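Report on the following structure.
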Amino acid sequence: MSSSVLNSKKCRNDENRRKISPARFAMLVVIAGVLFGSLASVMVRCSTAPSLVLAAYRKVMVTLLLVPPVVLHCREELRSLRRTDILWCALSGLFLSIHFYTYYESIRYTTIAASQVLAGTEVLFVAAILFFSGKERYGRAAAAGIVIALAGGILTALTPQDTGASGKLYGNLCALTCALFSAFYSLIGAKMRKSCSNTLYSFLVYGASGIFLTIFTPLSGYALFGYGAINYAVALGLAVFCSLLSHSLFNWAVKYQSPTLITIFKQLMPLPAALWGFLLFAEVPLWNQIVGGGVMIVGICVYTKAKDG
């Protein structure tokens, strides 16, 4: 065999090794989603409307933003959808809206720390459901990684001024409900993304969520309108950065990565949020946020290495 042929084969092999696998690329996409999602805390600082109203605006706006790509690229897929697919997407949208509703309720009735910690148990619900349904198996190392990452999330959420406060039972239950329905939303996404494009799936889920949130808002005692132009601008920012460039990226990645890993990564969101707070509002990160962030990264590395192995 000539040297030129051997060199050609070697080049192709080197090129193939350099190509990143979809699973690893999905991890990079999830990290990007975490960074964009962390901007929510900055934008909400500029709003004056209740959080539930902002959530309703956000989901309605992101649904409208997705209409052009759906019309241009997903018409055939939309026509070929089965009734069961539409029902699954509607159910996912309902779960997402319940996630928002119960999270904002928990903020009203319990401490921020308790809400953050209990909402962060989503990863445990996802892992448990996948384990008991036989979809995933976790060795000791992978389970340890999940626990370490969750411990880091708890440490990050527990700020000194909050650790002595006792939350009310209703608020704590709302936060746990928020985590449970967020887990359901993530798992339906993993199921639907096997056969549905990310654009169409996101459009249907966000649309359903927008409808449900629009219903939940007046039921919670809030008016839907009358909050000023700034809140429409904030909601648009949330729709673009925290839905299209965060939730939608998670929806895309769940086709190629474990929902457990994605929910672990989502716990990192307070870290870039703390960085934005430092850069924009001169808020110095607390020791527990720095240490907790390091612990979360260790947990993610342990879990990822165990699953790759």
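The values are calculated or read from the model by the stated rules, or taken from the named source; none is laboratory data. Worth saying up front: this structure is predicted, and the values here are computed from it rather than measured. Neighbour counts are summed over all protein chains in view; Cβ atoms, including those assigned to glycine, are modelled from backbone coordinates with ideal geometry. Only protein heavy atoms, including side chains, enter the accessible area calculation; ligands, DNA and RNA are left aside. Shrake-Rupley method; radii C 1.70, N 1.55, O 1.52, S 1.80 Å.
Mind checking which residues of segment 55-107 are closer than 25 Å to Y232 by Cβ and small (G, A, S)?
If the condition is that a residue be closer than 25 Å to Y232 by Cβ and small (G, A, S), then A55, A56, G93, S97 are the ones that fit.
Please tell me if V53 is among the β-branched types (V, I, T), open to solvent by less than 20 Å² (accessible area, probe 1.4 Å) and part of a helix (DSSP H, G or I).
For V53, the condition - among the β-branched types (V, I, T), open to solvent by less than 20 Å² (accessible area, probe 1.4 Å) and part of a helix (DSSP H, G or I) - is met.
Let's see how each residue does on (1) open to solvent by less than 60 Å² (accessible area, probe 1.4 Å); (2) modelled with pLDDT of 85 or more; (3) acidic (D, E):
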| position | (1), (2), (3) |
| --- | --- |
| F100 | yes, yes, no |
| R108 | no, no, no |
| S133 | no, no, no |
| A144 | yes, yes, no |
| V147 | no, yes, no |
| G152 | yes, no, no |
| P160 | no, no, no |
| K168 | no, no, no |
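If we scan segment 237-258, do we find a residue that is touching an Asp or Glu at 6+ places or on another chain (Cβ under 8 Å) and open to solvent by 10 Å² or more (accessible area, probe 1.4 Å)?
yes
What number of residues within segment 189-203 are under 17 Å from L249 (Cβ atoms) and assigned to a helix (DSSP H, G or I)?
Matching residues across segment 189-203 total 9.
Residues of segment 176-216 being among the polar types (S, T, N, Q) and either touching a Phe, Trp or Tyr at 6+ places or on another chain (Cβ under 6 Å) or surrounded by fewer than 21 Cβ atoms within 10 Å (Cβ to Cβ) (or both), which ones?
T177, S195, S197, N198, T199, T214
If we keep just the residues of segment 125-141 that are within 19 Å of the chain's Cα centre (by Cα) and in contact (Cβ under 8 Å) with a residue 40 or more places away in the chain, which is farthest from G171 (Cα to Cα)?
The residue in question is L130.
Within segment 61-73, can you find the residues that are touching a residue at least 60 places away in the same chain (Cβ under 8 Å) and surrounded by fewer than 19 Cβ atoms within 10 Å (Cβ to Cβ)?
L65, V67, P69, H73
If you take the residues of segment 269-296 that are within 17 Å of the chain's Cα centre (by Cα) and either acidic (D, E) or at pLDDT 80 or above (or both), which of them is farthest from C46 (Cα to Cα)?
Checked segment 269-296; the qualifying residue farthest from C46 (Cα to Cα) is M296.
Mind checking which residues of segment 280-309 are more than 15 Å from G139 (Cβ to Cβ), aliphatic (A, V, I, L, M) and assigned to a helix (DSSP H, G or I)?
Matches in segment 280-309: L280, I290, V291, V295, M296, I297, V298, I300.
Contact list please: Cβ distance under 8 Å, first residue in segment 219-243 and part of a helix (DSSP H, G or I), second residue among the β-branched types (V, I, T) and at pLDDT below 90, pairs at least six apart or on different chains.
I230/T48; N231/T48; V234/V44; L238/V44
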